[in-house]
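Read the structure below first, then the notes.
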Amino acid sequence: MLRFDSDYLETAAPEIIARFSKIGEEQNTAYGFDPYSESAALKIAEACGKPNALVKFLVGGTQSNALLIDALLKRYEGVIAATTGHISLHEAGAVEYCGHKVIALPGQEGKLHAASVDQYLLDFYADETHEHMTQPGLIYISQPTEYGTLYTKAELTALRAVCDRFQLKLYLDGARLGYALTSKDADFNLEDIAALCDAFYIGGTKVGALFGEAAVIPDPQLLPHFFTQIKQHGALLAKGWLLGLQFDTLFSDGLYFRLASHANEMAAILKDGLKEKGYTFYIDSPTNQQFIVMENRAMAALAEKVGFGFWEKYDENHTVIRFATSWATKEEDIKKLLSFL
């Protein structure tokens with residue numbers, strides 16, 4: 001069975017497994033105050049161009065989103081997100097469970113556009129009854145989006161300007177950030193993300209780690225008690241070095257970027273093969289996720305041989321499906337998949 005369901009189906013990159021095997025029964029300080037976590041935090045802060053940034057390691061994406069959004073917002077504030085955003089659809093109301101309404105706005109190709117958000121906020125504050133409504137406090141975006149598309153640097157800058165105009169914070173979900181940063185279409189880097197966002201996380205689970213995400217707060221004064229908030233959310237891992245060691249490895253010798261780049265390269269090969277076979281793409285993605293429209297009977301037949309992601313109904317007879325490549329995808333896997341299509 002070939003598996004292209006997602007990009008976190010394998011264990012972890014060999015370099016990470018090798019480092020775990022080397023430390024044996026070594027003892028380490030708990031709660032992320034170990035040498036590995038401290039080293040990883042410094043490397044990530046330097047890579048972000050923010051040497052004083054606060055970097056803390058968390059276990060998973062939903063945990064990171066719920067925790068960071070809750071930490072950034074006042075109790076009465078909500079978060080603006082695209083209707084297709086991960087927190088809007090696929091996190092089981094985790095943000096709402098923390099007490100913050102998700103204010104879903106229409107987007108295009110998975111992206112929120114600054115002009116649309118700006119108009120929503122103008123209309124919101126023009127309403128005499130807005131004090132009776134959920135106050136917007138933050139804009140949520142993901143890079144790449146749920147559809148593998150990218151915000152350009154200009155689009156990110158425009159959203160930042162809206163945040164500054166209305167005194168909102170900008171938060172970026174970076175579960176697949178590595179694939180965005182290494183995309184051939186990227187016109188931004190990690191330093192740009194850190195300069196434009198109030199907080200974000202760098203995904204490890206979906207980019208070569210066994211598990212884990214790196215939360216980055218460029219200005220530590222923004223969340224002076226973040227460690228306490230992590231614990232309040234049940235997100236403090238006692239064996240924090242399990243996370244620190246992985247990110248210290250990922251951010252050594254460019255490994256994180258090489259792993260992400262490989263997945264993008266495999267996706268590009270798949271994309272070319274799908275084009276040659278005449279498949280219709282639902283959206284043009286320059287990252288490791290590729291979306292095609294497939295006839296339902298053909299999809300059912302393919303499901304017997306290949307794992308893929310169901311995305312959405314296209315019409316009565318067709319469905320949008322997703323193929324995701326990873327750091328471990330081999331070119332022969334792509335060729336075999338194409339032979340089934």
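Is it the case that the stretch 93-109 has a residue that's on the phi > 0 side of the Ramachandran plot, charged (D, E, K, R) and touching a Ser or Thr at 6+ places or on another chain (Cβ under 8 Å)? Spell out the reasoning first.
Of all residues in the stretch 93-109, those on the phi > 0 side of the Ramachandran plot come to 93, 99, 109.
From what is left, the residues that are charged (D, E, K, R) are 109.
Next cut, touching a Ser or Thr at 6+ places or on another chain (Cβ under 8 Å) only: 109.
Yes.
Residue by residue, here is whether (1) without any contact (Cβ under 8 Å) to a residue 60 or more places away in the chain; (2) assigned to a helix (DSSP H, G or I); (3) acidic (Asp, Glu); (4) buried (at least 21 other Cβ atoms within 10 Å of the Cβ) holds:
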| site | (1), (2), (3), (4) |
| --- | --- |
| ASP123 | yes, yes, yes, no |
| TYR140 | no, no, no, yes |
| PRO144 | no, no, no, yes |
| LEU156 | yes, yes, no, yes |
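Out of curiosity, is SER285 in a loop (DSSP other than H, G, I, E, B) and within 30 Å of TYR36 (Cα to Cα)?
Taking the combined requirement at face value, the residue does not satisfy it.
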* Would you be able to tell me the number of residues in the stretch 327-337 that are more than 28 Å from ARG297 (Cβ to Cβ) and surrounded by 18 or more Cβ atoms within 10 Å (Cβ to Cβ)? => 2
* Asked: Can you pull out the residues in the stretch 44-96 that are among the acidic types (Asp, Glu) and touching a residue at least 24 places away in the same chain (Cβ under 8 Å)?
  -> ASP70, GLU77, GLU91
* Among residues belonging to the stretch 94-109 that are over 18 Å from the mean Cα position of the chain (by Cα) and in a loop (DSSP other than H, G, I, E, B), point out the one that is surrounded by the most Cβ atoms within 10 Å (Cβ to Cβ). => HIS100
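To keep it simple, each residue is scored yes or no on (1) surrounded by fewer than 18 Cβ atoms within 10 Å (Cβ to Cβ); (2) free of Cβ contacts under 8 Å to residues at least 40 places away in the same chain; (3) of a type in the set (D, E, K, R); (4) not in a strand (DSSP E or B).
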position	(1), (2), (3), (4)
ALA194	no, no, no, yes
VAL207	no, no, no, yes
LEU210	no, no, no, yes
ALA214	no, no, no, no
LYS231	yes, yes, yes, yes
* Asked: Counting only residues that are of a type in the set (Ser, Thr, Tyr) and part of a strand (DSSP E or B), which one in the stretch 294-341 is modelled with the lowest pLDDT?
  -> TYR314
* Restricting attention to the stretch 39-63, which residues are more than 30 Å from LYS101 (Cβ to Cβ), part of a helix (DSSP H, G or I) and not small (Gly, Ala, Ser)? -> LEU42, LYS43, ILE44, GLU46
* In the stretch 158-174, which residues are of a type outside the set (A, V, I, L, M, F, W, C) and in a strand (DSSP E or B)? -> LYS169, TYR171, ASP173
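Yes/no matrix, rows are residues, columns are (1) under 20 Å from the mean Cα position of the chain (by Cα); (2) surrounded by 19 or more Cβ atoms within 10 Å (Cβ to Cβ); (3) not in a loop (DSSP other than H, G, I, E, B); (4) not assigned by TED's automatic domain parsing to the domain that holds SER142:
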position: SER21; (1), (2), (3), (4): no, no, yes, no
position: GLU26; (1), (2), (3), (4): no, no, no, no
position: THR29; (1), (2), (3), (4): no, no, no, no
position: PHE33; (1), (2), (3), (4): no, no, no, no
position: SER37; (1), (2), (3), (4): no, yes, yes, no
position: ASN65; (1), (2), (3), (4): yes, yes, yes, no
position: LYS74; (1), (2), (3), (4): no, no, no, no
position: THR84; (1), (2), (3), (4): yes, yes, no, no
position: ALA92; (1), (2), (3), (4): yes, no, no, no
* **Unique residue being assigned to a loop (DSSP other than H, G, I, E, B), more than 17 Å from LEU68 (Cβ to Cβ) and at pLDDT 95 or above when the list is GLY148, GLY178** => GLY148
* Structure fact -> Here the residues within the stretch 308-324 that are farther than 19 Å from LYS275 by Cβ and β-branched (Val, Ile, Thr) are THR319
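The values are calculated or read from the model by the stated rules, or taken from the named source; none is laboratory data. These numbers come from a predicted model, not from an experiment. FYI the Cβ positions are ideal-geometry reconstructions off the backbone, even for glycines, and counts take in every protein chain you see.
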